[in-house]
Every structure is written in C-alpha cells, then in structure tokens.
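Read-outs throughout are calculated quantities, based only on the coordinates presented, and are distinct from any laboratory measurement. Model, not experiment: these values are computed from the prediction. Don't worry about glycine lacking a Cβ; one is built from the backbone with ideal geometry, like all the others, and counts go over all protein chains shown.
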Amino acid sequence: MQNVTQGASMADSTATTNNLQITKDRVKSWAACSDGYRWFLGKFPEGAEFVPVYRALIADKRGDDADWLVGKLFAELDTTTRVKQTAIIAGADAVAIAAQVAAGAEAATTGEEANAATTGNWANAATTGNWANAATTGEEANAATTGNWANAATTGYRANAATTGNRANAATTGYRANAATTGNWANAATTGNWANAATTGNWANAATTGYRANAATTGNWANAATTGEEANAATTGKHAVAAALGIDAKAKASAGGAIVLTHRNDDGDLICIRAAMVGQDGIKPDVFYQLSPEGEFVESEV
C-alpha cells in the first residue's frame, strides 16, 4: 500500500486527531500505491475503522501495508490512543482472548498463525511462529513471541510482554506490566503504573501512560513518549524524539535526536512546553532534562 516515494513514520507529523475511520479518500490522501488502494476498495468499499482494516491486511499477508497504515494513522493520534489501538490489535481485549480460549487455543504454539491464550493467574503464553499472537489476562501471566508479525498482549497485574520478531508489537495494560521488543518497527506500549516500555529496533516506538512508567528506545527514528507523572523518556538513536509530558517528568536524547518537555503544576495543569534538538539551546547528548516553571531546560539526575 505504501507509495515508495512517499513513505511515512510516526514522527512525520504531529498528532492532530483521533479519527480511527479509514476511508478511500483518506487512503488516497496518504498517497497509497495503486495495488494497495485497489485492495482497500475491494475489501472495504464503504470504509471501516482501523482495527478491522489492519487485521484484514495481516490476514492477507500484507504485513508491509499494515505497517504503512499504522505509520500513517498513528501520526495523527495522541499517545494514549496509540497505546489503546496497539493493545487492541495485539489482542489485549477480553472478548478476543475469551474467543481464543473457547476455541481451544493452546497456551504454547510453534506454528504460523497459531494463537496462544491464557486467562488464569500465573499462566504463561508463548509462541514462536510467524503471525502467532500470545495473549494473557491473568495476574503475573507473561506473554512471549519470537516470530515476525507476532504480537504479545497482557492485561493482568505484573504481566510482562516480550517479542523479538520484526514488526512484532508488545502491549500491556496491567499495573507493573512491562513491554519489551527487539525487532525493527516493533512497538511497545503500556498503560499501567510502573509499567515500562523498551524497544531496541529502528522505527520501534515506546509509549507509556502510567505513573513512573518509563519509555526507552535505542533504534534510529524510534521515539519514546510518556504521559504519566514522574515517567521518563529516553532515546539513543538518531532522529529519535524523547517526549515526557507528565508532572515531574524527564527526557534525554543522543546526538541527532531531540527532546520535548512540559512543566505542570501539582494539579497537572500545563504551564509551559518546549522542544529542542540535541546541540541546540544548550541541550547536551545523553543528559536528562526537566523544564522549569519559566520554561528553561534544567539538567536533572534520574
């Protein structure tokens, strides 16, 4: 679906709307290739929301097109909505998990397109095949995948999600539930307090919304964003932005990157916001900064 002359990444534009409806006019405005545009018209002539379109692309083995769609749409979503949509497409919703369990899905699979689902406490789910999802809802229940396009999703307390495949997303919504990925384009998203997100691949973004839930990335063009109180954002790759938008939050980036910081009062009211590239406005590489009430960057210890 991607036009080779007009590729996109999540960093290409700022969030402007949370509209999840995909229409033919919208796809055309994103400069989709002719083959992808014809596929969309054939599958969804009246349009559809993001999740059904994404799942249809994956089902039709159009993984690159699915990545393209995520890049185009997520560029127009705020961090919280990105996290929620990532959790949904990764299978972290009770209905999807219950359906897998009812269908007799095993808790461990090695084949392609083979799902693993568990709902019990301390129950693990593991897959190694391509397009093989792992989903858990129990407390302290881990989900792990190693295949390409293999998502890991958890909703339970202290439930970790880890993936090593390219374009394999990890999403958690539980308290203290970490998400980690090592593949390129493999995003990690968490919504729980103290629930960290970490990625090592290029274009692999990390997003967290919980209290003291840190986001860290090491790949080029891999952004890190946090919205929780005292939640730090750190990047080491070139062209990567670290954005910390919560109360008492910190951000750091390496050479070739940038930081975005806000200052909020104790009630969470926005006082000021400022962005800078490393090397500008006195910003040093690999140093954490906070924003003062006057809008000045201040070096800070973690």
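In terms of packing, defined here as the mean over residues of other Cβ atoms within 10 angstrom, the peptides 43-53, 130-140, 152-162 line up highest first as 152-162, 130-140, 43-53.
For region 237-302, applying the loop criterion from DSSP together with a ceiling of 16 other beta carbons within 10 Å to the GluC sites (Glu not before Pro) yields 294, 296, 301.
Near the amide H of residue 225, within less than 5 Å, lie the amide hydrogens of 206, 207, 208, 243, all on another chain or at least 5 residues away, with H placed in the peptide plane. Classify region 185-302 from the C-alpha gyration tensor, please: rounded if a/c falls under 1.5, else prolate or oblate depending on whether a/b exceeds b/c. Oblate shape, in that a/c is at least 1.5 and b/c is the bigger or equal ratio. A Förster distance of 25 Å, applied to the separation of the beta-carbon atoms of residue 34 and residue 60, puts the FRET efficiency at 0.95. Length gained on full extension, residue 24 to residue 280: 88.0 nm, using 0.36 nm per residue less the C-alpha separation. Between residue 122 and residue 272, the modelled labels are 5.2 nm apart [label points 7 Å from Cα along Cα→Cβ].
Shape verdict for region 144-202, please, from the Cα gyration tensor: rounded (a/c under 1.5), prolate (a/b greater than b/c) or oblate. It comes out prolate by the Cα gyration axes. Take each peptide in 24-35, 230-241, count the other Cβ atoms within 10 Å of every residue, and average; sorted highest first, the result is 230-241, 24-35. For region 290-302, the Karplus equation 6.51 cos²θ - 1.76 cosθ + 1.60, evaluated at θ = phi - 60°, returns couplings of 10, 10, 6, x, 8, x, 9, 6, 10, 5, 9, 7, 6 Hz by residue, with Gly and Pro reported as x.
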